[in-house]
1. Report the gain in length on full extension from Ala60 to Ala159: 0.36 nm times residue separation, minus Cα-Cα distance, nm rounded to one decimal.
2. Would you mind calculating the gained length between Glu93 and Glu118 on full extension (0.36 nm times residue separation, minus the Cα-Cα distance), in nm to one decimal?
3. To the nearest 0.05, what FRET efficiency results for Met185 and Arg82 with a Förster distance of 45 Å applied to their C-beta separation?
4. Need one number: nm distance between label points at Gln72 and Gln248, each 7 Å from Cα along Cα→Cβ, rounded to one decimal.
Amino acid sequence: MTARGATLRTMEETPTRAAKAGGAKGSAQHGAEAPSALEIVRTRSLSSLVAQEIERMILAGTLAAGERLNEQALASRLGVSRGPVREAVRGLERSGLVVAVRNQGTYVRQVSAEEALEVYDLRAAITGLACARLASRAKPAQVAALRALLKRMEAAWRADDPPAYYAANLDFHATLLAEGAGPRMRRLYEELGHELHLYRRRALVQPENMRESNAEHEAILRAIAGHDPAAARAAGEAHIAGGKRRFQATDITTPRRAASEGENDHDTRKAEPPRPARRLGGTRRRAVRAG
């Protein structure tokens, strides 16, 4: 069991003991054990933490695209019971990171080349609109927050630190959407972004790609700070188009499974997910890398 798994196990067991003690006391007083609100809160909180850990494993490649999720194996790995894992997987399905196939199981999502290109086009439209809206009403504090993230990304690419760059990149885009979009637009953007999380970070491992990406961020910020909605929209759309171009320049073969590189210490890939029914142009659907 990993150290993180041991922590999750401790969080699961400690409130349970408290809940049992409370339940016993309630039985003595009322003659019946009432449902424990603490137990409900515990389960929800733990499943959220388990979801975060599974998401980290997916984004790190420990759980590979197309891999079947074995709830029991994940529960053992994380040191928790199966219930929180089941709830966590359901939440990840809603977020788009995993997909459930009837009578087959749940798999880490795979995105075809055709789907990825379409997602980029949709993200470009949403990003451009959010940038334009923010430019029309940007406040100094909002501009300062974006500038601080721009500096974080610059420091990351100069240090050749792709994980740090990608984390700041996500924060930059989240800030743009938080300040320039409404709830529905943010929800759509997040759903689209989750579909490409598995691959976008892989196109930002080269220093030149990080430098180019951050120059596009700088153009966005310049237009927003200048309260120029038209320029901000154009810069936002151009940035996502740049990501699409970097994606197209990457190898689009199926990513190698993490387990083949010794990154996965449990076997959850015995069954292969059936190919999705939808096809585009009769071509074989392929998992791709995106940036």
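1. Values: separation 99, 0.36 × 99 = 35.64 nm, distance 2.00 nm.
Extra length available between Ala60 and Ala159 comes to 33.6 nm.
2. Values: separation 25, 0.36 × 25 = 9.00 nm, distance 2.03 nm.
My answer for the length gained is 7.0 nm.
3. Values: r = 36 Å, r/R0 = 0.81.
Calculated transfer efficiency: 0.80.
4. Distance between label points: 4.8 nm.
Here, each number is a calculation from the coordinates, and none is a lab measurement. The shown structure was predicted, so the numbers you read here are calculated from the model rather than taken from an experiment. Glycine also receives a Cβ, built like all others from the backbone with ideal geometry; neighbour counts cover every protein chain displayed.
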